[in-house]
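Working notes for the structure below.
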Amino acid sequence: MKVEKVIWFAIVFSTFLYAAIVYTIAPNPEGTFGEAVKRNQLTLILYLVAFAEFVAASVVPSLMRSIPERTKLIVALAMYEACAIFGLVAAMFDRDWRLYIPTWVLALIGMLRVYPKQDVRMPV
């Protein structure tokens, strides 16, 4: 197994750990999801920052011209993970695990986009 795939798996797995943590902290939210989003202005701000981070993570690694591919992958994964972390913060502040879900999905979409491809080399 390539090192890049191990790194990818570890960072993706960390987002699942965040989900478990936030669900443990706030398993019984009050009201609907829409009410939870509107309850605190900080949630909307964190969602906006998470979206901006997603866009940046989609652009920044491609701008890094003379950097090794592994480093670009790690940068992209860290930036996508930050999307999930912004949702984690929102969920912890409002004590509502559901607030983590949108940013988590956004992060997973980004991480799936940068999944390391397997290079198959034919023996000579």
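Read the figures in this text as sums done on the coordinates, not as results from a lab. Just so you know, these numbers come straight off a predicted model, no measurement behind them. Counting neighbours? That spans all protein chains shown, and the Cβs are built from the backbone with ideal geometry, glycine included.
Taken over region 36-47, the criterion of being assigned to a helix (DSSP H, G or I) and out of contact with any Ser or Thr (no Cβ under 6 Å at 6 or more places or on another chain) is satisfied by Ala36, Lys38, Arg39, Gln41, Leu42, Thr43, Leu44, Ile45, Leu46, Tyr47.
Here is a yes/no grid of residues against (1) charged (D, E, K, R); (2) part of a helix (DSSP H, G or I); (3) exposed (fewer than 14 other Cβ atoms within 10 Å of the Cβ):
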position	(1), (2), (3)
Thr15	no, yes, no
Gly31	no, no, yes
Gly34	no, yes, yes
Val49	no, yes, no
Ser58	no, yes, no
Val75	no, yes, no
Ile85	no, yes, no
Val89	no, yes, no
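Looking only at residues of region 61-73 that are out of contact with any helix residue (DSSP H, G or I) (no Cβ under 7 Å at 6 or more places or on another chain) and not hydroxyl-bearing (Ser, Thr, Tyr), we find that the one that is surrounded by the fewest Cβ atoms within 10 Å (Cβ to Cβ) is Arg65. Which members of region 1-13 meet the condition of being part of a helix (DSSP H, G or I) and farther than 18 Å from Val89 by Cβ? The answer is Val3, Glu4, Lys5, Val6, Ile7, Trp8, Phe9, Ala10, Val12, Phe13.
If you filter region 1-13 down to residues that are hydrophobic (A, V, I, L, M, F, W, C) and touching a residue at least 12 places away in the same chain (Cβ under 8 Å), you find that the one that is surrounded by the fewest Cβ atoms within 10 Å (Cβ to Cβ) is Val3.
Residue count for region 48-72 under the criterion of being in contact with a Lys or Arg (Cβ under 8 Å, 6 or more places away or on another chain) and not small (Gly, Ala, Ser): the result is 2.
Could you check region 52-68 and list, in sequence order, the residues that are touching a residue at least 40 places away in the same chain (Cβ under 8 Å) and either more than 29 Å from Asp94 (Cα to Cα) or touching a Leu at 6+ places or on another chain (Cβ under 7 Å) (or both)?
Here is the first cut: in region 52-68, the ones touching a residue at least 40 places away in the same chain (Cβ under 8 Å) are 54, 57-58, 61.
Result: Phe54, Pro61.
Tell me, please, whether a residue that is in contact with a Leu (Cβ under 6 Å, 6 or more places away or on another chain), among the β-branched types (Val, Ile, Thr) and within 18 Å of Val114 (Cα to Cα) can be found in region 11-26. Scanning region 11-26, I find at least one residue that is in contact with a Leu (Cβ under 6 Å, 6 or more places away or on another chain), among the β-branched types (Val, Ile, Thr) and within 18 Å of Val114 (Cα to Cα), so the answer is yes.
Taking the stated definitions as given, is Ala19 assigned to a helix (DSSP H, G or I), surrounded by 13 or more Cβ atoms within 10 Å (Cβ to Cβ) and hydrophobic (A, V, I, L, M, F, W, C)? Show your work before the answer.
Working: assigned to a helix (DSSP H, G or I): yes; surrounded by 13 or more Cβ atoms within 10 Å (Cβ to Cβ): yes; hydrophobic (A, V, I, L, M, F, W, C): yes.
Yes.
Can you spot a residue in region 83-93 that is within 12 Å of the chain's Cα centre (by Cα) and without any contact (Cβ under 8 Å) to a residue 40 or more places away in the chain? Among the residues of region 83-93, at least one is within 12 Å of the chain's Cα centre (by Cα) and without any contact (Cβ under 8 Å) to a residue 40 or more places away in the chain, which makes the answer yes.
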